[in-house]
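**Q** Just passing along the structure, written as structure tokens.
The values are calculated or read from the model by the stated rules, or taken from the named source; none is laboratory data. Since we're looking at a predicted model, the values are computed, not measured. Quick reminder, even Gly has a Cβ in these numbers, built from the backbone with ideal geometry, and neighbours come from all protein chains shown.
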């Protein structure tokens, strides 16, 4: 009987499996229940296929969306259009990603009480963006495709995250019939977070950040540009011969020949390391929105490829939001606040979520950041009149990315180095042309709008 | 702090009514916890005091107690009576008690001889006073006198001491009354049905309790746990479809009848052994009836419709299967009847393939494993391993063919592990379940207030997904509690195996609990996407008559292995009957 009794251990194993499984499930419950409860179509929080959560307001309290009884959007068509990608459309082509991520906070879901004490329709989600700034950016884009982003690199608040083209959610276009000219191509894509672009010369900032630490004495070096440079039998060209150049001038004139040389001297591994430090090839999750990865792959690159990659061409791709954060890191002396879109969530007057500031990992050395800041300021004073806002230290770099077609992508990125206006920005205009002439004016109007908003909050 | 205040918050903020509701919400899990803890202390905390059935006096005068109805005599440490002499084999003989109180001695193929009163013996009766010689080691079988038996009975701890089962049942009654109040409040149109049904349930449980008291039995924990689970199940039923309550009660009545009948038969081993053949035949007949009359539902042809009643024969076969598989030790060590059981298992497996019910096949497979493991007592039997592999193959074939033939089964498997990628089709049941579990919180939305009720019947929320149903309306705490309750019964079987009278009971109880636990595992883990959803019921809780009957039947095996003093109606009191010198 003893030996038989021992073999009832089989039942013991089953009991343990049962108990262990339940324990695992309870742990999963405490980790994920708020996601489960607000998942698309959850019978407890969806009414007629819509999340019944309450309002979404911008940083000034402007109501952008109400779910309570009848779905409504912002009052003016311009604001509706400018905030479409943040809010989502009624047809679900642009999902309400931020709302979904915070739904459980908006109706006061908690894991103790479940939805028993839940208050649907009474929540308020406050975004960090300014609808006014979004509208200004949308207007500045003037129907051109692209993305505009501005964020506070000290607090992480994204003030502007615009994707163009857009449409009024109350008057959605029929893409079958109304898109003959291609105006609405990719309209459902949130370009600022979900597109990646060939950066062009703004990427020279990445190359320089890597080179400044890797090559001693680089700042004092002199370069000669003859207008072209042959690497392994292939040419790297500049629009014209720049002649004798200091490093600062090479950046200001965006000399391809000089940066090709710098890229070669810096080397694949250091450059790749820099791109990794900037998290360019990572997905970053920002309040329910996950950015797409960029690309910086030198694994099979020839010297010529390496040179092109160092000046933002080749297979380089960056996500606008990610690169904007890198701008913030330069301004912040090496790292910046993590970007965020939501400042708080309330349910029935109670605060259920409040954002906290967190810092990115270091993206470049403090010394390199200082030099880049100085050079980027020099760029603005010498070249980019368009963004030289009087009395404000704007620092920037433009880019004109060749994407294989006749029309280049205009890129423009930088920051304001002021206590009162700690703003990093990026502007991308697809098929726009030259960054300094096309994207810079967009940046100026958006930056001024942001400064107005910040002034108004003081 | 806010979330604790929310506990008492109603639609109009914190009001007297909302506080009352909150108190109610809190009381149910607290009562459930008390019921489970009290039963656990009683079932798992008892002292394992052996019963002495006879003595063996060695030539040295040393008295060895014979503590089981079946005892392995031998030199190895795991023998029940260890005879550490070189001439004794490791496994030498088995001493088996008969129902009339006499004893049988069986030589189990030891190298040394077995002699009784000087004459060699292969298998035969031994009388008190007879001298048994194992490989030359002599001992005399001596009886336990009535007086000794009485003293022993008095000195053993009575079942339920310190955790009065009556009080536990009283707590359960309070639990049920709170449940009735809530259900009647939330289901005003079905007040009478709910009141009557729960009234009958409470009447039955107290009648059983008093009945057992009358025959001097005090162990009621196993039944209390069953009634606790049934209370939750009936709450689900009242929420999903109050009209089904009476059907569940009828099934419970039939189930309890089987339980009492089976428990009564299990008291006497000889009767039980005879019942085995009846059970085996009944199992075959049930399956044949299933094959002849079965109709298809949800992909498996496992239902028989008799007028307005439907029955799932494979549920009842579980009882037959366990009974058929149980065996006494003398037969185990001589490997008698094993072939019969293996053929029987093969038959069951084949029927399940034809019926195409691989969820049930998996359950039978675990039941088979439990039995096979216990029956291959001293040496692993290649034979059993072979059958095990064969049965596993059968399950795989059944599963594969089910996936091929039935799109809904294929869907279940395709959805497994990826439920959130296809929440409206392949992952529909599981994602709704998880959403509802989350919505219920720890304390639930209240009985009848959930959403799972809209998915009852076809959507199987009250059967296959009952874990989520309970979580949503009763709270996660209660859902976890019902699993604890079941696991506790499993642990009880393991614990009481050491003081079991016969391996017949140990095998029966162990197999029965293995079947019930694997059902719970498949049911709960399927619902929460740890395993593919197989459509298996949770014992006693899931809505379903056949399942209810089979669960009660299987529970009888637990009662038969409960050897605590005066514990179980399915166990004879040791100071009455037998033991005559």
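**Q** Given the options A:127, A:99, A:106, A:79, name the one that is more than 14 Å from every other protein chain (Cβ to nearest Cβ), closer than 23 Å to residue A:325 by Cβ and touching a residue at least 24 places away in the same chain (Cβ under 8 Å).
**A** That would be A:127, the only listed residue that is more than 14 Å from every other protein chain (Cβ to nearest Cβ), closer than 23 Å to residue A:325 by Cβ and touching a residue at least 24 places away in the same chain (Cβ under 8 Å).
**Q** Output the number of residues of the stretch B:517-526 satisfying the condition of being over 17 Å from residue A:12 (Cβ atoms) and facing chain A (nearest Cβ under 9 Å).
**A** Summing the residues that are over 17 Å from residue A:12 (Cβ atoms) and facing chain A (nearest Cβ under 9 Å) in the stretch B:517-526 gives 2.
**Q** I've got another one for you. So, in the stretch A:283-300, exactly how many residues are under 16 Å from the mean Cα position of the chain (by Cα), in a loop (DSSP other than H, G, I, E, B) and buried (at least 16 other Cβ atoms within 10 Å of the Cβ)? First the steps, then the outcome.
**A** To start, the set of residues in the stretch A:283-300 that are under 16 Å from the mean Cα position of the chain (by Cα) comprises A:283-295.
Still in the running and in a loop (DSSP other than H, G, I, E, B): A:283-284, A:287-288, A:291-294.
Those left that are additionally buried (at least 16 other Cβ atoms within 10 Å of the Cβ): A:284, A:287-288, A:291-294.
Here the count works out to 7.
**Q** Another one. Do we find that residue B:427 is crowded, with 24+ Cβ neighbours inside 10 Å, in contact with a helix residue (DSSP H, G or I) (Cβ under 7 Å, 6 or more places away or on another chain) and within 9 Å of chain A (Cβ to nearest Cβ) in this structure? Before you say what the answer is, go through the steps one by one.
**A** Details: crowded, with 24+ Cβ neighbours inside 10 Å: yes; in contact with a helix residue (DSSP H, G or I) (Cβ under 7 Å, 6 or more places away or on another chain): yes; within 9 Å of chain A (Cβ to nearest Cβ): no.
No, not satisfied.
**Q** Pick from A:429, A:442: which is under 18 Å from the mean Cα position of the chain (by Cα), over 22 Å from residue A:153 (Cβ atoms) and buried (at least 17 other Cβ atoms within 10 Å of the Cβ)?
**A** Numbers: A:442 fails: over 22 Å from residue A:153 (Cβ atoms).
Unique residue meeting the criteria: A:429.
**Q** For the stretch A:358-446, please list each of the strands (runs of 3 or more DSSP E) lying entirely inside it that holds at least 2 residues being at negative phi, free of Cβ contacts under 8 Å to residues at least 60 places away in the same chain and touching a helix residue (DSSP H, G or I) at 6+ places or on another chain (Cβ under 6 Å). Show your work before the answer.
**A** Values: elements: A:394-401, A:409-416, A:423-429.
Strands (runs of 3 or more DSSP E) meeting the threshold: A:394-401.
**Q** Just name the residue that is modelled with the highest pLDDT out of those in the stretch B:227-246 that are surrounded by fewer than 19 Cβ atoms within 10 Å (Cβ to Cβ) and part of a helix (DSSP H, G or I).
**A** The first filter runs over the stretch B:227-246 and keeps only residues surrounded by fewer than 19 Cβ atoms within 10 Å (Cβ to Cβ), leaving B:241, B:243, B:246.
Those still in the list that are part of a helix (DSSP H, G or I) too: B:243, B:246.
Numbers: B:243: 87, B:246: 92.
Applying the filter and picking the extreme gives B:246.
**Q** Among the residues of the stretch A:1-25, which ones are surrounded by 15 or more Cβ atoms within 10 Å (Cβ to Cβ), over 21 Å from residue B:365 (Cβ atoms) and either at pLDDT 90 or above or under 36 Å from the mean Cα position of the chain (by Cα) (or both)?
**A** Of everything in the stretch A:1-25, those that are surrounded by 15 or more Cβ atoms within 10 Å (Cβ to Cβ), over 21 Å from residue B:365 (Cβ atoms) and either at pLDDT 90 or above or under 36 Å from the mean Cα position of the chain (by Cα) (or both) turn out to be A:19, A:22, A:25.
**Q** Same structure again: All but one of (1) within 14 Å of chain B (Cβ to nearest Cβ); (2) touching a residue at least 40 places away in the same chain (Cβ under 8 Å); (3) assigned to a helix (DSSP H, G or I) hold for residue A:26, so report the exception by its number.
**A** For residue A:26, the failing item is (2).
**Q** Sticking with this one: Taking residue A:33 and the conditions (1) crowded, with 18+ Cβ neighbours inside 10 Å; (2) within 14 Å of chain B (Cβ to nearest Cβ); (3) on the phi > 0 side of the Ramachandran plot, which numbered condition does it fall short on, given that it satisfies the others?
**A** Residue A:33 satisfies all of (1) crowded, with 18+ Cβ neighbours inside 10 Å; (2) within 14 Å of chain B (Cβ to nearest Cβ); (3) on the phi > 0 side of the Ramachandran plot except (3).
**Q** Taking the residues in the stretch B:480-516 that are without any contact (Cβ under 8 Å) to a residue 40 or more places away in the chain and within 23 Å of residue A:5 (Cα to Cα) as candidates, determine which candidate is farthest from the other protein chains (Cβ to nearest Cβ). Walk me through how you get there before you give the answer.
**A** Taking the stretch B:480-516 first, the residues without any contact (Cβ under 8 Å) to a residue 40 or more places away in the chain are B:480, B:487, B:490, B:494, B:516.
With within 23 Å of residue A:5 (Cα to Cα) added as a condition, the list becomes B:487, B:490, B:494, B:516.
Numbers: B:487: 4, B:490: 4, B:494: 5, B:516: 9 Å.
Among them, the one singled out is B:516.
**Q** Can you tell me which residue is nearest to the other protein chains (Cβ to nearest Cβ) among those in the stretch B:445-463 that are over 28 Å from the mean Cα position of the chain (by Cα) and on the phi > 0 side of the Ramachandran plot?
**A** B:446
**Q** A further question on this structure: Given the structure, is residue A:20 assigned to a helix (DSSP H, G or I), within 15 Å of residue B:471 (Cβ to Cβ) and more than 8 Å from every other protein chain (Cβ to nearest Cβ)?
**A** Working: assigned to a helix (DSSP H, G or I): yes; within 15 Å of residue B:471 (Cβ to Cβ): no; more than 8 Å from every other protein chain (Cβ to nearest Cβ): yes.
Taking the combined requirement at face value, the residue does not satisfy it.
**Q** Next up: Being closer than 30 Å to residue B:73 by Cβ and either in contact with a helix residue (DSSP H, G or I) (Cβ under 9 Å, 6 or more places away or on another chain) or facing chain B (nearest Cβ under 8 Å) (or both) narrows it down to one residue among A:15, A:11; which is it?
**A** Working: A:15 fails: closer than 30 Å to residue B:73 by Cβ.
The unique qualifying residue is A:11.
**Q** In the stretch B:355-376, how many residues are away from every other protein chain (no Cβ under 11 Å) and more than 17 Å from the chain's Cα centre (by Cα)?
**A** 6
**Q** Ok, one more. When you look at residue B:460, is it touching a strand residue (DSSP E or B) at 6+ places or on another chain (Cβ under 8 Å) and modelled with pLDDT under 85, yes or no?
**A** When the stated conditions are applied, residue B:460 does not pass them.
**Q** I would also like to ask the following. Might you let me know whether the stretch B:21-43 holds any residue that is modelled with pLDDT under 90, within 14 Å of chain A (Cβ to nearest Cβ) and in contact with a strand residue (DSSP E or B) (Cβ under 7 Å, 6 or more places away or on another chain)?
**A** yes
**Q** Moving on. Check every one of the strands (runs of 3 or more DSSP E) wholly within the stretch B:59-178 and list those with 3 or more residues that are crowded, with 18+ Cβ neighbours inside 10 Å, under 34 Å from the mean Cα position of the chain (by Cα) and touching a residue at least 24 places away in the same chain (Cβ under 8 Å). First the steps, then the outcome.
**A** Working: elements: B:63-66, B:70-74, B:93-97, B:103-107, B:114-116, B:123-126, B:131-134, B:137-143.
So the answer is B:70-74, B:93-97, B:103-107.
**Q** Separate question: Tally time: how many residues in the stretch B:529-563 are at pLDDT below 85 and closer than 18 Å to residue B:222 by Cα?
**A** The qualifying residues number 1.
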